[in-house]
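J.: If you scroll down you'll find the structure; I have some questions about it.
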Amino acid sequence: MIATFTDFGGNGPYLGQVRAVLHQQAPGVAVVDLFPDLPAYNVQAAAYLLPAYSQYLPRGCVCLCVVDPGVGSDRAAVAVQADGRWYVGPDNGLLSQVVRRASSVTAFEITWRPAGLSASFHGRDLFAPVCAMLAGGESVPGQPIDSQALLSADWPADLCEVVYIDHYGNAVTGLRAQQLSPRSCIEIAGVRCERRRTFSEAGSQRPFWYANANGLVEIAVANRSAAAVLNLAIGDAFEVTLA
């Protein structure tokens, strides 16, 4: 299986072009667009979403990871094998939290380049072909590197910011719920949010936080858009306190 994690969005030609390359070069391999709308240009936000949303993929899955505002620059291309899954993408911090949280990691710099490499679409021209190689059982076309070099030293283990707003207006954060206690409260946009286990338990229209299905803290309002109610945007920070 190949899973795509990109900021390409569901509209326009970009994701379709990447899928066409994958189908051509890895025929018969299932391709799943697991996260096609990562926050545009926001490498840090995507880095905290990636390990949370890839953790349920089967071992051996190859993840094509592209949030790459520096495409065409001298940033390296890398492949990381973390806890049995492959992650292929730019060396710009995107894979940093995958590396940080994995118990077993090997990393490579991709040195292979195709003959027709565009300056602005490495997702299609470089990363997709390498993902197809790995899905077909080939070795990484590159050389081993120290995985610790992929960490972004100034990024924390957990990020107390909104990193994604979903279709319902729920605000996903970069903080793992296991880091909090049931008594923890979140203060964001001047509002104090207590923990609720489910939306039905929340009951009222008051904002609350809960542990989402992927283990991240999420801020919500039952039957309403928390982003609209609290005027939230990606990058908004919050504080954690005790009730």
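J.: Could you look through the stretch 198-221, keep only residues that are outside any strand (DSSP E or B) and modelled with pLDDT of 95 or more, and pick out the one that is surrounded by the fewest Cβ atoms within 10 Å (Cβ to Cβ)?
T.: Among those residues, the one meeting the criterion is ALA213.
J.: Suppose the filter is out of contact with any Ser or Thr (no Cβ under 9 Å at 6 or more places or on another chain), surrounded by 19 or more Cβ atoms within 10 Å (Cβ to Cβ), outside the structural domain of ALA227 (by TED's automatic domain parsing) and not in a loop (DSSP other than H, G, I, E, B); does ALA132 pass it?
T.: Yes.
J.: Another one. List the pairs whose first member sits in the stretch 153-167 and is within 12 Å of ALA226 (Cβ to Cβ), whose second member is of a type in the set (Asp, Glu) and not in a strand (DSSP E or B), and whose Cβ atoms are under 6 Å apart, counting only residues at least 6 apart or on separate chains?
T.: VAL162/ASP236
J.: Taking helices (runs of 4 or more DSSP H) that do not extend beyond the stretch 1-103, which have at least 1 residues that are at pLDDT 95 or above and under 22 Å from LEU151 (Cβ atoms)? Steps first, please.
T.: Working: elements: 14-25, 43-54, 96-101.
Answer list for the stretch 1-103: 43-54, 96-101.
J.: Then there is this: For the stretch 104-123, enumerate the residues that are assigned to a strand (DSSP E or B) and of a type outside the set (Phe, Trp, Tyr).
T.: VAL105, THR106, ALA107, GLU109, ILE110
J.: Among the candidates VAL88, VAL78, single out the residue that is more than 19 Å from ASP154 (Cα to Cα), within 15 Å of the chain's Cα centre (by Cα) and in contact (Cβ under 8 Å) with a residue 12 or more places away in the chain. Before the answer, list the steps.
T.: Values: VAL78 fails: within 15 Å of the chain's Cα centre (by Cα).
Just a single option satisfies the conditions, and that option is VAL88.
J.: While we're looking at this one, here's another question. Collect the residues in the stretch 1-20 that are under 16 Å from GLY136 (Cα atoms) and crowded, with 21+ Cβ neighbours inside 10 Å, keeping them in residue-number order.
T.: Of everything in the stretch 1-20, those that are under 16 Å from GLY136 (Cα atoms) and crowded, with 21+ Cβ neighbours inside 10 Å turn out to be ILE2, ALA3.
The values are calculated or read from the model by the stated rules, or taken from the named source; none is laboratory data. Every value quoted in this text rests on a predicted model; they were computed, and no experiment measured them. Neighbour counts run over all protein chains shown; Cβ positions are idealised from the backbone, glycine included.
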